[in-house]
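Q: Have a look at this one before I ask anything.
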Amino acid sequence: MPPVFRFAPSPNGYLHLGHALSALLNFDLARQAGGCLLLRIEDIDATRCRPEFERAIYEDLAWLGIAWETPVRRQSEHFAAYRAAVERLVAQGLVYPSFESRAEIGRLVAEKEAGGAWPRDPDGAPLYPGTARSLAPAERDRLTAQGLPFALRLDMAAAVARVGPLRWREAGEGPDGESGDVAARPEAWGDVILARKETPTSYHLSVVIDDALQGVTDVVRGADLFWSTSVHRLLQELLGLPAPAYRHHRLIRDAAGQKLSKSTRATGLRELRAAGATPADIRRLVGLS
(Lines give C-alpha, C1' and ligand atoms only; values in the text may rest on other atoms or scores of the structure.)
Protein backbone atom coordinates (compact mmCIF):
# COMPACT_ATOMS: atom_id res chain seq x y z
CA MET A 1 0.00 0.00 0.00
CA PRO A 2 1.32 3.47 -0.84
CA PRO A 3 1.96 5.81 2.10
CA VAL A 4 -0.75 8.29 3.09
CA PHE A 5 0.12 11.76 4.39
CA ARG A 6 -2.24 14.48 5.58
CA PHE A 7 -2.34 18.22 6.16
CA ALA A 8 -4.95 19.17 8.76
CA PRO A 9 -5.46 22.91 9.34
CA SER A 10 -8.19 24.52 11.43
CA PRO A 11 -10.28 27.18 9.64
CA ASN A 12 -10.03 29.69 12.49
CA GLY A 13 -7.80 32.14 10.64
CA TYR A 14 -5.77 32.56 7.46
CA LEU A 15 -2.75 30.38 6.75
CA HIS A 16 0.76 31.70 7.40
CA LEU A 17 4.31 30.62 6.60
CA GLY A 18 4.29 27.96 9.31
CA HIS A 19 1.32 26.29 7.66
CA ALA A 20 3.05 26.59 4.30
CA LEU A 21 6.09 24.71 5.60
CA SER A 22 3.96 21.86 6.96
CA ALA A 23 1.74 21.63 3.87
CA LEU A 24 4.69 21.71 1.46
CA LEU A 25 6.63 19.11 3.45
CA ASN A 26 3.66 16.76 3.44
CA PHE A 27 3.11 17.31 -0.28
CA ASP A 28 6.78 16.82 -1.15
CA LEU A 29 7.20 13.72 1.00
CA ALA A 30 4.02 12.14 -0.35
CA ARG A 31 5.15 12.76 -3.92
CA GLN A 32 8.66 11.42 -3.26
CA ALA A 33 7.28 8.27 -1.66
CA GLY A 34 4.72 7.64 -4.38
CA GLY A 35 1.92 8.18 -1.88
CA CYS A 36 -1.02 10.53 -1.56
CA LEU A 37 -1.84 13.66 0.42
CA LEU A 38 -5.14 14.10 2.23
CA LEU A 39 -6.57 17.43 3.34
CA ARG A 40 -8.54 17.43 6.57
CA ILE A 41 -10.43 20.42 7.93
CA GLU A 42 -10.28 20.35 11.74
CA ASP A 43 -13.36 22.45 12.50
CA ILE A 44 -14.67 21.07 15.78
CA ASP A 45 -14.53 24.54 17.39
CA ALA A 46 -17.76 26.02 16.06
CA THR A 47 -17.18 29.34 17.84
CA ARG A 48 -13.93 30.14 15.99
CA CYS A 49 -14.08 28.27 12.68
CA ARG A 50 -15.60 30.18 9.75
CA PRO A 51 -16.46 29.28 6.13
CA GLU A 52 -14.37 32.11 4.69
CA PHE A 53 -11.25 30.73 6.40
CA GLU A 54 -11.95 27.28 4.99
CA ARG A 55 -12.33 28.70 1.46
CA ALA A 56 -9.06 30.58 1.93
CA ILE A 57 -7.27 27.34 2.88
CA TYR A 58 -8.22 25.80 -0.46
CA GLU A 59 -7.17 28.95 -2.33
CA ASP A 60 -3.80 29.26 -0.59
CA LEU A 61 -2.89 25.60 -1.01
CA ALA A 62 -3.86 25.58 -4.68
CA TRP A 63 -1.77 28.73 -5.23
CA LEU A 64 1.23 26.96 -3.65
CA GLY A 65 0.80 24.17 -6.21
CA ILE A 66 -0.35 21.60 -3.66
CA ALA A 67 -2.79 18.91 -4.81
CA TRP A 68 -4.78 16.69 -2.48
CA GLU A 69 -7.18 13.78 -2.60
CA THR A 70 -10.92 14.35 -2.46
CA PRO A 71 -13.32 14.37 -0.77
CA VAL A 72 -11.94 16.54 2.02
CA ARG A 73 -12.80 15.27 5.51
CA ARG A 74 -14.44 17.90 7.72
CA GLN A 75 -14.43 16.92 11.37
CA SER A 76 -17.72 18.68 12.13
CA GLU A 77 -19.45 16.11 9.90
CA HIS A 78 -18.18 13.12 11.92
CA PHE A 79 -19.16 13.78 15.53
CA ALA A 80 -20.91 10.38 15.68
CA ALA A 81 -17.60 8.56 15.16
CA TYR A 82 -15.93 10.54 17.94
CA ARG A 83 -18.87 10.04 20.29
CA ALA A 84 -18.69 6.29 19.71
CA ALA A 85 -15.00 6.28 20.63
CA VAL A 86 -15.71 8.15 23.87
CA GLU A 87 -18.42 5.64 24.72
CA ARG A 88 -15.93 2.80 24.26
CA LEU A 89 -13.58 4.43 26.75
CA VAL A 90 -16.46 5.07 29.16
CA ALA A 91 -17.32 1.38 28.96
CA GLN A 92 -13.73 0.59 29.96
CA GLY A 93 -14.13 2.74 33.07
CA LEU A 94 -11.47 5.19 31.87
CA VAL A 95 -13.52 8.39 31.52
CA TYR A 96 -15.21 10.60 34.10
CA PRO A 97 -17.07 13.94 34.01
CA SER A 98 -15.67 17.03 35.72
CA PHE A 99 -18.06 19.89 36.40
CA GLU A 100 -15.73 22.74 37.41
CA SER A 101 -15.78 25.86 35.26
CA ARG A 102 -12.53 27.26 33.87
CA ALA A 103 -12.65 29.96 36.54
CA GLU A 104 -13.10 27.37 39.28
CA ILE A 105 -10.18 25.35 37.95
CA GLY A 106 -8.09 28.52 37.92
CA ARG A 107 -8.87 29.09 41.61
CA LEU A 108 -8.02 25.49 42.44
CA VAL A 109 -4.67 25.82 40.68
CA ALA A 110 -3.95 29.05 42.56
CA GLU A 111 -4.69 27.30 45.86
CA LYS A 112 -2.38 24.42 44.93
CA GLU A 113 0.41 26.78 43.87
CA ALA A 114 0.09 28.72 47.11
CA GLY A 115 1.35 25.59 48.84
CA GLY A 116 4.20 24.99 46.39
CA ALA A 117 4.83 24.21 42.75
CA TRP A 118 1.97 22.55 40.87
CA PRO A 119 2.82 20.33 37.86
CA ARG A 120 2.25 21.59 34.35
CA ASP A 121 1.91 19.77 31.07
CA PRO A 122 4.46 19.99 28.21
CA ASP A 123 2.63 23.05 26.85
CA GLY A 124 2.97 24.82 30.19
CA ALA A 125 -0.68 24.55 31.29
CA PRO A 126 -1.35 23.38 34.87
CA LEU A 127 -2.59 19.82 35.24
CA TYR A 128 -6.21 19.31 36.27
CA PRO A 129 -6.33 19.87 40.04
CA GLY A 130 -9.90 18.81 40.77
CA THR A 131 -11.35 15.78 42.50
CA ALA A 132 -14.12 14.85 40.07
CA ARG A 133 -12.50 11.46 39.46
CA SER A 134 -13.46 10.41 43.00
CA LEU A 135 -17.09 11.61 42.89
CA ALA A 136 -19.63 8.94 43.77
CA PRO A 137 -21.78 7.78 40.82
CA ALA A 138 -24.92 9.14 42.49
CA GLU A 139 -23.32 12.59 42.80
CA ARG A 140 -22.25 12.53 39.16
CA ASP A 141 -25.80 11.63 38.15
CA ARG A 142 -27.21 14.43 40.31
CA LEU A 143 -24.93 17.06 38.79
CA THR A 144 -25.61 15.82 35.27
CA ALA A 145 -29.37 15.92 35.89
CA GLN A 146 -29.02 19.58 36.85
CA GLY A 147 -27.85 20.29 33.32
CA LEU A 148 -24.45 21.57 34.40
CA PRO A 149 -21.72 21.86 31.74
CA PHE A 150 -19.03 19.22 32.05
CA ALA A 151 -15.84 17.96 30.48
CA LEU A 152 -15.19 14.26 29.96
CA ARG A 153 -11.66 13.51 31.15
CA LEU A 154 -9.42 10.51 30.67
CA ASP A 155 -8.40 8.85 33.93
CA MET A 156 -4.74 9.01 32.99
CA ALA A 157 -3.37 6.82 35.79
CA ALA A 158 -5.84 4.05 35.01
CA ALA A 159 -5.28 4.34 31.26
CA VAL A 160 -1.49 4.17 31.55
CA ALA A 161 -1.77 1.18 33.89
CA ARG A 162 -4.02 -0.52 31.33
CA VAL A 163 -1.59 -0.33 28.40
CA GLY A 164 1.86 -0.11 29.99
CA PRO A 165 4.90 1.61 28.42
CA LEU A 166 4.47 3.04 24.92
CA ARG A 167 6.84 4.27 22.22
CA TRP A 168 6.65 5.78 18.76
CA ARG A 169 8.84 5.94 15.67
CA GLU A 170 10.12 9.49 15.13
CA ALA A 171 11.71 10.45 11.83
CA GLY A 172 12.04 14.12 12.77
CA GLU A 173 13.26 15.69 15.98
CA GLY A 174 11.78 16.68 19.31
CA PRO A 175 12.42 19.86 21.32
CA ASP A 176 15.42 18.30 23.05
CA GLY A 177 16.74 16.41 20.04
CA GLU A 178 14.65 13.28 20.57
CA SER A 179 14.42 11.06 17.50
CA GLY A 180 14.24 7.43 16.46
CA ASP A 181 12.51 5.23 19.04
CA VAL A 182 10.88 7.66 21.50
CA ALA A 183 9.34 6.73 24.84
CA ALA A 184 5.86 8.20 25.25
CA ARG A 185 5.04 10.14 28.43
CA PRO A 186 1.24 10.51 28.46
CA GLU A 187 1.18 10.90 32.25
CA ALA A 188 2.85 14.31 31.80
CA TRP A 189 -0.51 15.61 30.50
CA GLY A 190 -2.64 14.62 33.47
CA ASP A 191 -6.32 13.85 33.00
CA VAL A 192 -6.78 15.35 29.54
CA ILE A 193 -10.18 16.39 28.22
CA LEU A 194 -11.57 14.02 25.56
CA ALA A 195 -14.92 15.75 25.01
CA ARG A 196 -17.29 18.32 26.45
CA LYS A 197 -21.04 18.34 26.95
CA GLU A 198 -21.49 20.67 23.98
CA THR A 199 -18.74 19.17 21.78
CA PRO A 200 -18.41 15.37 21.72
CA THR A 201 -14.70 15.37 20.95
CA SER A 202 -11.37 17.13 21.38
CA TYR A 203 -8.23 17.58 19.30
CA HIS A 204 -6.52 14.58 20.89
CA LEU A 205 -9.45 12.23 20.30
CA SER A 206 -10.53 13.34 16.85
CA VAL A 207 -7.02 13.31 15.40
CA VAL A 208 -6.37 9.66 16.27
CA ILE A 209 -9.82 8.58 15.05
CA ASP A 210 -9.38 10.45 11.77
CA ASP A 211 -5.85 9.16 11.15
CA ALA A 212 -7.06 5.59 11.62
CA LEU A 213 -10.24 5.92 9.54
CA GLN A 214 -8.36 7.65 6.73
CA GLY A 215 -5.51 5.15 6.70
CA VAL A 216 -2.86 7.76 7.43
CA THR A 217 0.57 6.10 7.57
CA ASP A 218 2.79 9.18 8.09
CA VAL A 219 2.02 12.14 10.33
CA VAL A 220 4.20 15.16 9.50
CA ARG A 221 3.50 18.18 11.71
CA GLY A 222 5.14 20.93 13.76
CA ALA A 223 7.45 20.27 16.70
CA ASP A 224 4.98 22.03 19.01
CA LEU A 225 2.89 18.84 18.83
CA PHE A 226 5.79 16.50 19.57
CA TRP A 227 4.78 15.53 23.11
CA SER A 228 1.08 15.43 22.20
CA THR A 229 2.05 12.23 20.42
CA SER A 230 2.27 10.60 23.85
CA VAL A 231 -1.47 11.10 24.36
CA HIS A 232 -2.19 9.98 20.81
CA ARG A 233 -0.23 6.77 21.25
CA LEU A 234 -2.15 6.06 24.46
CA LEU A 235 -5.53 6.57 22.78
CA GLN A 236 -4.46 4.43 19.84
CA GLU A 237 -3.65 1.56 22.17
CA LEU A 238 -6.84 1.93 24.21
CA LEU A 239 -9.00 1.99 21.07
CA GLY A 240 -7.08 -0.67 19.14
CA LEU A 241 -6.01 1.75 16.39
CA PRO A 242 -2.84 1.54 14.25
CA ALA A 243 0.06 3.85 15.03
CA PRO A 244 1.43 5.85 12.08
CA ALA A 245 5.04 6.93 11.74
CA TYR A 246 5.69 10.46 13.00
CA ARG A 247 7.91 13.25 11.76
CA HIS A 248 7.89 16.54 13.65
CA HIS A 249 9.46 19.46 11.84
CA ARG A 250 10.97 22.76 12.93
CA LEU A 251 8.71 25.75 13.49
CA ILE A 252 8.79 29.05 11.64
CA ARG A 253 9.20 31.79 14.24
CA ASP A 254 8.81 35.55 14.23
CA ALA A 255 11.53 38.11 14.97
CA ALA A 256 10.90 37.70 18.71
CA GLY A 257 11.37 33.94 18.49
CA GLN A 258 7.69 33.17 18.99
CA LYS A 259 5.74 30.56 17.04
CA LEU A 260 3.73 32.20 14.29
CA SER A 261 0.10 33.07 14.99
CA LYS A 262 -2.75 33.33 12.52
CA SER A 263 -3.00 36.96 13.59
CA THR A 264 0.53 37.69 12.33
CA ARG A 265 -0.32 39.43 9.09
CA ALA A 266 3.31 39.91 8.06
CA THR A 267 3.65 36.17 7.48
CA GLY A 268 0.14 35.50 6.15
CA LEU A 269 0.09 33.79 2.75
CA ARG A 270 -2.70 36.06 1.49
CA GLU A 271 -0.74 39.18 2.42
CA LEU A 272 2.48 37.86 0.91
CA ARG A 273 0.69 36.90 -2.29
CA ALA A 274 -0.94 40.34 -2.51
CA ALA A 275 2.51 41.90 -2.08
CA GLY A 276 3.77 40.02 -5.15
CA ALA A 277 5.33 36.90 -3.63
CA THR A 278 5.37 33.75 -5.77
CA PRO A 279 5.07 30.12 -4.66
CA ALA A 280 8.83 29.80 -5.24
CA ASP A 281 9.36 32.76 -2.89
CA ILE A 282 7.31 31.01 -0.21
CA ARG A 283 9.44 27.88 -0.56
CA ARG A 284 12.57 29.93 -0.06
CA LEU A 285 11.09 31.79 2.91
CA VAL A 286 10.33 28.52 4.72
CA GLY A 287 13.71 27.01 3.86
CA LEU A 288 12.68 24.52 1.18
CA SER A 289 14.37 24.13 -2.19
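The values are calculated or read from the model by the stated rules, or taken from the named source; none is laboratory data. These figures come from a predicted structure and were not determined experimentally. Every residue, glycine among them, receives a Cβ derived from its backbone with ideal geometry; neighbour counts consider all protein chains shown.
Q: Working only within the stretch 79-89, note down all residues that are of a type in the set (A, V, I, L, M, F, W, C) and surrounded by 15 or more Cβ atoms within 10 Å (Cβ to Cβ).
A: Passing the criteria: Phe79, Ala81, Ala85, Val86, Leu89.
Q: Can you tell me how many residues within the stretch 102-116 are under 16 Å from Asp191 (Cα atoms) and surrounded by 12 or more Cβ atoms within 10 Å (Cβ to Cβ)?
A: The qualifying residues number 4.
Q: Follow-up question, since we're still on this one. Could you pull out the residue among Ile57, Ile44 that is touching a residue at least 40 places away in the same chain (Cβ under 8 Å) and in a helix (DSSP H, G or I)?
A: The unique qualifying residue is Ile57.
Q: Select from the stretch 117-148 the residues that are surrounded by fewer than 12 Cβ atoms within 10 Å (Cβ to Cβ) and of a type in the set (Val, Ile, Thr) and list them in ascending order.
A: Answer for the stretch 117-148, where residues must be surrounded by fewer than 12 Cβ atoms within 10 Å (Cβ to Cβ) and of a type in the set (Val, Ile, Thr): just Thr131.
Q: Which of (1) surrounded by fewer than 18 Cβ atoms within 10 Å (Cβ to Cβ); (2) within 19 Å of Ala8 (Cα to Cα); (3) without any contact (Cβ under 8 Å) to a residue 60 or more places away in the chain is the odd one out, the single condition Pro244 does not satisfy?
A: The single condition Pro244 does not satisfy is (1).
Q: Under 9 Å between Cβ atoms, which residue pairs at least 6 apart in sequence (or on different chains) link something in the stretch 170-187 that is closer than 15 Å to Asp224 by Cα and at pLDDT 95 or above with a partner that is assigned to a loop (DSSP other than H, G, I, E, B) and basic (Lys, Arg)?
A: Filtered contacts from the stretch 170-187: Gly172/Arg250.
Q: What single numbered condition from (1) farther than 17 Å from Tyr203 by Cα; (2) touching a residue at least 24 places away in the same chain (Cβ under 8 Å) fails to hold for Ser289?
A: It is condition (2) that Ser289 fails.
Q: Between a first residue in the stretch 134-160 that is closer than 19 Å to Tyr203 by Cα and modelled with pLDDT of 95 or more and a second residue that is assigned to a helix (DSSP H, G or I) and among the β-branched types (Val, Ile, Thr), which pairs have beta carbons less than 8 Å apart while being 6 or more apart in sequence or on different chains?
A: Phe150/Thr144; Leu152/Val86; Leu152/Val90
Q: Against the condition under 25 Å from Pro129 (Cα atoms), of a type in the set (Ser, Thr, Tyr) and in contact with a helix residue (DSSP H, G or I) (Cβ under 7 Å, 6 or more places away or on another chain), how does Ser202 come out, does it pass?
A: Answer is no for this residue.
Q: Among the numbered criteria (1) in contact with a strand residue (DSSP E or B) (Cβ under 7 Å, 6 or more places away or on another chain); (2) modelled with pLDDT under 95, which one does Ser263 miss?
A: In the conditions (1) in contact with a strand residue (DSSP E or B) (Cβ under 7 Å, 6 or more places away or on another chain); (2) modelled with pLDDT under 95, Ser263 misses (1) alone.
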